Structure formats: C-alpha cells, structure tokens
Amino acid sequence: MAVWRHKHLLGLADLTAEEIELVLSLAGPCKEIFGREIKKLPTLRGKTVITLFFEPSTRTRTSFEVAAKWLGADVVNLSVAQSSVAKGESFIDTAKTVEAAGADVIVVRHAIAGAAKLLAETVRCSVINAGDGAHEHPTQGLLDLYTIKERKGGFHGLRVVIVGDIMHSRVARSDIWGLTKLGAKVTVVGPPTLMPPGIETLGVEVAYELDAALARADGVNVLRLQLERQKKGLFPSVREYARLYGMNAERARRLPPDALIMHPGPTNLGVEITEEAACDPRAVITTQVSNGVAVRMALLYLLAGGKEDGLLS
Ligand code: CP
C-alpha cells in the first residue's frame, strides 16, 4: 500500500497509480457512512476547510462541504460574489486572507488553469484543486475512477470512451491521467475542432465517430457541452452536435449490456445526453455524485492529517 506524501492535490498527473489506489481504497469505508444514522465523525475535529469558488458549482462545492462536515471539520464557504473580490481584492490576497482566518485546507475552483498551483505556492495550508480552467479537476477524476472500480472491480483492459469537448474539459484530462495510470484503455471522441492537438501523447486513442467506439466500450463518459464555446463557432450547431456526438437511447442500445453511462454533471439534457439515456439502468450519474462525497472524505483525511487511530473511529 502506498504512503501519502502530498500536501496538496493539484492534479492526477502528480499522483502515482498506487497513490490513486490509496484514495480509492479509503473511499470504500467512507461510503459506508451513507448507511449510518449518525454520520458525523470526530476524525477532523478542530480542522477548518474553506471553499473558495470563483466559478459556479453544485456538486463539487456541496460534496466537499458534506465530506468535511461528516469528518467533523468546520467548513466555511466563501461566497466570492459577496466577498472583497467584488471590491477589487486580488486572488492571492483573498487566499492569504482565507488562510489567516484559520484554513487548514483551501478548496479552490478558478477559471484560469494553474490557479490552484499558484495558491499552493502562496499559502502554507493544503490546497485542493476543485477545477482550474481546462487543466484538471482531480477530485472529479477520482470519483469517476471510484465509480468504475465499484462497478467493474478494476481497470486493467477496460475500454473507456470519453466523448465531447475534449479541448476545454478539465474532467477529460483528469480522467485520462487516472484511467491510463491504472491500466484502462481510453478512447477520446469528439469533433476535430474540439480535439486538442497532441492529445494522443497522453496515451489515448483518438476517434471522431462515436458509434463504432461505443460498441466495444465498458463505459462511456459523456462530457458537458460547454455551450459558451458555441459563440466561437467550434461546431456548426447544437443540433448537429447532438446528432453526431450526443448520447441517446439508440446509442445506448449499441453499448454492451453491462457498460456504464457516466456524466460529470451538470447535464444539458437533449444536447450531449438525452433524458432517456441519462435514465438508462446503466447510467450512474447520481451514483457519481454520492461517490464524490466518499472520495473527498478520503482525500480530506489524507491531506488534513486525520487522527492516527483511523478514518472511521
Ligand atoms: N462535475 C462538476 O464539477 O459539477 P459542479 O460544477 O456542479 O461542481
């Protein structure tokens, strides 16, 4: 079993396969908490987790809050729109202020790639990247990995298709790092204009036609179509995108019977995924959200230095 040596989590590119497996193995016991009547543990009592989100979030921010609270930590969610950022305070000064207010862990989301790294170089406390531009979203990657492992038992030889706007997707990058390190075969599928040049150097296959890729997939991760990119003319129309790359009932029928349908959320129903496909019995979209709490508990435990007598005691 690996030993955890990281102060921060900035990306899955920085973790070894053993370190990723360590987080996944700790997330298993954390998920047992869901079945308990009283969920609150004393593991991180006295620790303070502050979330600092410069972009909107439902799943990530909420699940970090639930995870930290179930572990007994105090949690503060800084509302950036109502903070002194609105008066012109810089990102760095905001982070230093948050640390001075007593943060042991800062969970940060920012539109700029590298923002979490900059923060980690600035503050003394731990930093978790909750999504930085199109760079990485490592805890989404970990919860996707956990969901696949939970349903499939492991990764070696598994074929995972990631479909959509690969170019702008931090989820795709974290999934690619994690899945390839753990031995899965990844195929990325999307329009050529949304496929970053050189992506195959990360060890993935590139395809532009979804139907053929689905026939052999053990799982398909459908990325949110970032509709704001539509303004840039990177694909002809949302309707055309849905026709060529959308996950729908017909495409779900092409998948092997035990394949997983995943989506990081939030979904644009009728665009990258139809309601029928999202409600397919093989879809695990809400399970991914629950698993996000378990994985984030495991990570907070590792970073915030839980008590020696164990995670769940
Ligand atoms: N998957 C994800 O990051 O969702 P939120 O934007 O709701 O946090």
Subject >> GNM result for the chain, Cα springs below 10 Å: residue of Val220, Val107, Val80 fluctuating most strongly >> reply: Val80
Original post:
Given a cut-off of 16 Å, what percent of all Cα-Cα pairs of region 83-140 lie beyond it?
Top reply: 40
Subject >> Among Val204, Val85, Val23: highest mean-square fluctuation, GNM of the chain, C-alpha pairs under 10 Å >> reply: Val85
**OP:** Going by C-beta contacts inside 10 Å, put Ser174, Ser126, Ser57 in order with the fewest on the left.
**Re:** Ser57, Ser126, Ser174
**OP:** Counting other beta carbons within 10 Å of each Cβ, put His156, His137 in order, fewest first.
**Re:** His156, His137
Original post:
Share of antiparallel DSSP beta bridges in the chain, in percent to the nearest 5?
Top reply: 5
Original post:
Which residue, Ala101, Ala130, Ala242, has the most motion in a Gaussian network model of the chain that connects Cα atoms within less than 10 Å?
Top reply: Ala101
Original post:
Any idea what Rg and Dmax come out to for region 138-285 if you just take the C-alpha atoms, in Å?
Top reply: 13.8, 41
Original post:
What are the extents of the Cα atoms of the chain along their three principal axes, listed from largest to smallest and rounded to whole Å?
Top reply: 52, 44, 36
Original post:
With a 10 Å Cβ neighbour count serving as the proxy for reagent exposure, in which order, fewest first, do Ile92, Ile166, Ile38 appear?
Top reply: Ile38, Ile92, Ile166
Original post:
Which FRET efficiency, nearest 0.05, do Thr97 and Ser290 yield, Cβ-Cβ r, R0 35 Å?
Top reply: 0.60
Original post:
Which value in deg cm²/dmol, rounded to the nearest 500, describes the helix-derived mean residue ellipticity at 222 nm for the chain, given -39,500 (n - 2.57) per DSSP H run of n ≥ 4 and division by the residue count?
Top reply: -11000 deg cm²/dmol
Subject >> Cα→Cβ-extended label distance, 7 Å offset, between Glu276 and Arg151, nm >> reply: 1.9
**OP:** Over all alpha-carbon pairs in region 179-250, figure out the percentage whose distance exceeds 17 Å.
**Re:** 48
Original post:
Roughly what % of DSSP beta bridges within region 104-250 run antiparallel, to the nearest 5?
Top reply: 5
Original post:
Which whole-number percent gives the relative contact order of the chain, counting Cα pairs below 8 Å spaced six or more residues apart?
Top reply: 21
Original post:
For region 138-285, what relative contact order do you get, as a whole percent, if you take Cα pairs closer than 8 Å and at least 6 residues apart?
Top reply: 23
Subject >> Contour minus Cα-Cα distance for Asp14 and Val76 (0.36 nm per residue) >> reply: 19.6 nm
Original post:
How about Lys152: which aspartates and glutamates have a C-alpha closer than 20 Å to its C-alpha, ignoring those fewer than 8 places off in the same chain?
Top reply: Glu18, Glu19, Glu21, Glu32, Asp144, Asp175, Asp218, Asp258, Asp280
Subject >> Those aspartates and glutamates that a straight Cα-Cα span of less than 15 Å connects to Lys96, excepting residues fewer than 8 apart in one chain >> reply: Asp104, Glu121
Original post:
Which ³J(HN,Hα) values in Hz, rounded to whole numbers, follow from the phi angles of region 59-66 under the Karplus curve 6.51 cos²θ - 1.76 cosθ + 1.60, where θ = phi - 60° and Gly and Pro get x?
Top reply: 4, 5, 5, 5, 6, 5, 5, 4
Subject >> Positive-end extreme of charge dipole, region 138-285 - chosen from Gly219, Pro138, Gly270 (charges on Cβ) >> reply: Pro138
**OP:** For Glu205 paired with Ala111, estimate the spin-label separation in nm (one decimal), with each label point 7 Å from Cα along the Cα-to-Cβ line.
**Re:** 3.8
Original post:
Please state the relative contact order of region 231-298 as a whole percent: Cα pairs under 8 Å, 6+ residues apart?
Top reply: 35
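Where a number appears in this text, it was derived from the coordinates with a stated rule and is not lab data. Because the structure is a prediction, the values reported are computed rather than measured. Backbone-built Cβ (ideal geometry, glycine too); neighbour counts: all protein chains shown.
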